[in-house]
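Visitor: A single structure is presented below for examination.
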């Protein structure tokens, strides 16, 4: 699938990506008290990568990713499990939460943090990682896949149809004329 | 620390060391074998320490609640049996680490997976033998299968290893399920899953449960007809074969037989089932070994034979008592692990495993030859080795059994004699074929490291020392069998029992075996290949292929890849059943509180109108991409409802999920050719099938709509949400009720959900990333562990 060929998008995507991620991390951090949370934040980050991929091309995105997304997802599950296991060390039940309250921190002032935030971070990484991975794989597979059986060829090994935007553009042109 | 903590430490220490091994392995030039040996040695040391605190005749049970709601406790049973197996696991494990450190080629980065698997295996083995709760035992039992799968498949690009690993996993895991059913039946029937309580007489055994558990035992211990996975497992590196597939994991079946013997010993089927299968396996294994040329396949078949023998002995024990049962196991551990290591050295130094291409290596590596000789001697049961004493006492038992059950006893005795004769011949061939005779001209040889030869030599020396002076083992074995459940007295072991029937039979076996060897040698082992009908591994593969073939045929027959063909059926069923129930209770429904007016609001009405308009777009637009976008427009309008009802979390989630899924579905649909290219056209019309579809759609819409209405109608006067909101501030220290429920109150559920999400994503990726794998590649693999035998293939 080809990427979207628009100068505006190309110029702005970096800024949009940054903004979306700032908001998503904000959503993650405030989740315990205000609307937001790991799922929403993770999905937002995932969406930001989808945007990046749509504009810059999927293979380039995959090359530029700092971490393999699947590992990030696995790390998320691990983080969630560990945050649940940690209380066991102190003889508490699985997933017991601890809260910390600090006052007079530099820059932040008053801060209230609980271990559920770690759990939420796990969800964040998992959701973000899986979204990115699935979309990259789906997008790259549109250029055709080897089929298991000859009967599957027309279904999976599609080289007949171009990307969505391509056909959409063609149609748009046809209407314009 | 309590005994429980020490034991837990001994069990978990190997697995806890896994990250260290993996991290250390990332650096080149580090000997992982020695690093791996450290936790095993520590476990061994701890076990010895713990056993010194035990006092016969009482087994010690230590317990810690784990999942109390299911009655599963982390309970460990420390008695003679578990201690014996614990020592064997750690002791042989140490030698195997030593051996593997010198045996495995390649960098530590490549090999660290191997050592990690080995450590994981040790933990699961120790867990199995020490578990008191049968369900916990089962979990560890299956974990050993997983470890075995990983280790067999260590060279995962080798098709033989792939096939062997897959077969072993399928066979042991599926037979393990039978064991699980047996365990559950036993536990439910007796009211407890605790082995110590079951052994104390609370068990309600019967033949059916025994049969189910026996299937699990047969699968794990490679008994007929499940024996075929063991030769396939020989695709593993040799240290794994020596450790898992001769000394420890396959002995688990023997272990469990010993464990449940006091429970099931008096059951009708005990002698017939276990004895019958055990002795049959003994003969089949010996026969297959006799007809193999590949050294590892030969040893694997001999192991199968020996395992059958061990299980058969336990089968008899109910009638004639147990004589030196630990001694048999120990003897086999010593000589078979030694022989596997010898084969590994031979392969290491010549690159060959086929008996027909080997010979004359004795002068080149005398120490290995000596180890090979002692091992083969114990295998054949020559005097002064452990094999001899083991065979003598087994014959004593068998002769006792003949007196009690003439027919059965005579059959078992005949089977033992036959198998022992065959084994003698094979053992003779094994030693002479490798070490004696003329060295083939084209044999390339490089000396193995001297220290690589030591572990097998140590094990072989064990067979000699304990065979010549069996009295050395009297005290430890007495202590072991005196501890806990195995209180049947074993007579003192001795080399010389006087002139008796056993000695005569032993001599007869050796003589006939030697004769068999000489005639076969003279004939050049022409018949040494496995007949096709005995190739169970191939039958099994064919069965699996047949299953997938049948599934594909069934799928095609049901047209499950074409939704319009089966969806109407499903929907009709849904409407007929659920809708029918709905209509039948319609009279009892109270319509109180239901009014068109009460919920009316112009904004909501407008939202609903827009949503409906978008849905009309879905129906009447012609291109699927446009339809899809119309559908998501409807989804976005729904979001506004959430926003109006003060559910910002839901609204945000809905927006994000909506946009992500639109992108994903668009990408997915881009993979399909457009319908016109497939020669399909969808036209609006008033034909009967269109009419039917319309009817079904309207029906589903009405059904879902009324479901929503009714769900809303019967709202609980005291909703749970209010209490949750109150608690979220107090107990979870958060203001956002949705979030506190997700990460705190129902945190366990969320954990399960994200795990499932991850697994589902992995499965989906497996389907989407179809690189390299063609449809039938796996079947082209060579059969496992065998060089294709027979005259026609001989080089």
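The values are calculated or read from the model by the stated rules, or taken from the named source; none is laboratory data. Please read all numbers here as calculations on a predicted model, not as lab measurements. Positions of Cβ are generated from backbone atoms using ideal geometry, with glycine treated the same way; all protein chains shown enter the neighbour counts.
Visitor: Mind listing just one residue for me: the one in segment A:101-117 that is loosely packed, with under 10 Cβ neighbours inside 10 Å and in a loop (DSSP other than H, G, I, E, B) and, of those, modelled with the highest pLDDT?
Guide: Here the residue is A:106.
Visitor: A further question on this structure: Taking the condition of being part of a helix (DSSP H, G or I) and surrounded by fewer than 24 Cβ atoms within 10 Å (Cβ to Cβ), how many residues in segment B:222-250 meet it?
Guide: Adding up the residues that qualify gives 0.
Visitor: While we're on this one: Take the conditions part of a helix (DSSP H, G or I) and at pLDDT below 85 and apply them to residue B:262. Does it pass?
Guide: yes
Visitor: While we're looking at this one, here's another question. Would you check if there is a residue in segment B:585-604 being modelled with pLDDT under 80, under 21 Å from residue B:661 (Cα atoms) and assigned to a loop (DSSP other than H, G, I, E, B)?
Guide: No, that holds for no residue.
Visitor: Being within 9 Å of another protein chain (Cβ to nearest Cβ), buried (at least 17 other Cβ atoms within 10 Å of the Cβ), within 21 Å of residue A:50 (Cα to Cα) and at pLDDT 80 or above is true for just one of A:130, A:164. Which residue is that?
Guide: On inspection, the qualifying residue turns out to be A:130.
Visitor: Does segment B:637-653 hold any residues that are without any contact (Cβ under 8 Å) to a residue 24 or more places away in the chain and buried (at least 17 other Cβ atoms within 10 Å of the Cβ), and which are they?
Guide: B:639, B:642, B:651, B:652, B:653
Visitor: If you don't mind, there's one more thing I want to ask. Name the residue, out of A:79, A:88, A:51, that is within 12 Å of chain B (Cβ to nearest Cβ), modelled with pLDDT of 90 or more and surrounded by 12 or more Cβ atoms within 10 Å (Cβ to Cβ). Walk me through it before giving the result.
Guide: Values: A:88 fails: modelled with pLDDT of 90 or more; A:51 fails: modelled with pLDDT of 90 or more.
Within the list A:79, A:88, A:51, the selection yields A:79.
Visitor: Going by the conditions given, is residue A:95 touching a helix residue (DSSP H, G or I) at 6+ places or on another chain (Cβ under 6 Å), modelled with pLDDT of 55 or more and within 23 Å of residue A:50 (Cβ to Cβ)?
Guide: Working: touching a helix residue (DSSP H, G or I) at 6+ places or on another chain (Cβ under 6 Å): yes; modelled with pLDDT of 55 or more: yes; within 23 Å of residue A:50 (Cβ to Cβ): no.
Spelling it out, it is not the case that residue A:95 is touching a helix residue (DSSP H, G or I) at 6+ places or on another chain (Cβ under 6 Å), modelled with pLDDT of 55 or more and within 23 Å of residue A:50 (Cβ to Cβ).
Visitor: Quick one: in segment A:54-76, which of the residues that are more than 11 Å from chain B (Cβ to nearest Cβ) and under 23 Å from residue A:8 (Cβ atoms) is surrounded by the fewest Cβ atoms within 10 Å (Cβ to Cβ)?
Guide: Taking the candidates together, the pick is A:64.
Visitor: If you don't mind, there's one more thing I want to ask. Which of the helices (runs of 4 or more DSSP H) contained wholly in segment B:678-781 include at least 1 residues that are farther than 30 Å from residue B:577 by Cβ, modelled with pLDDT of 75 or more and at the interface with chain A (Cβ under 8 Å from one of its Cβ atoms)?
Guide: B:737-740, B:747-768
Visitor: Having 2 or more residues that are more than 33 Å from the chain's Cα centre (by Cα) is the bar; report the helices (runs of 4 or more DSSP H) wholly within segment B:305-424 that clear it.
Guide: B:366-380, B:386-404
Visitor: Among the residues of segment A:28-44, write down those that are surrounded by fewer than 24 Cβ atoms within 10 Å (Cβ to Cβ) and more than 8 Å from chain B (Cβ to nearest Cβ).
Guide: A:29, A:30, listed by residue number.
Visitor: Taking the criterion of being within 18 Å of residue B:326 (Cα to Cα) and part of a strand (DSSP E or B), would at least one residue in segment B:118-134 satisfy it?
Guide: No, segment B:118-134 contains no residue that is within 18 Å of residue B:326 (Cα to Cα) and part of a strand (DSSP E or B).
Visitor: Would you check if residue B:97 is without any contact (Cβ under 8 Å) to a residue 60 or more places away in the chain and crowded, with 24+ Cβ neighbours inside 10 Å? Reasoning before the result, please.
Guide: On the way: without any contact (Cβ under 8 Å) to a residue 60 or more places away in the chain: no; crowded, with 24+ Cβ neighbours inside 10 Å: yes.
Considered against the rule, which asks whether it is without any contact (Cβ under 8 Å) to a residue 60 or more places away in the chain and crowded, with 24+ Cβ neighbours inside 10 Å, residue B:97 comes out as no.
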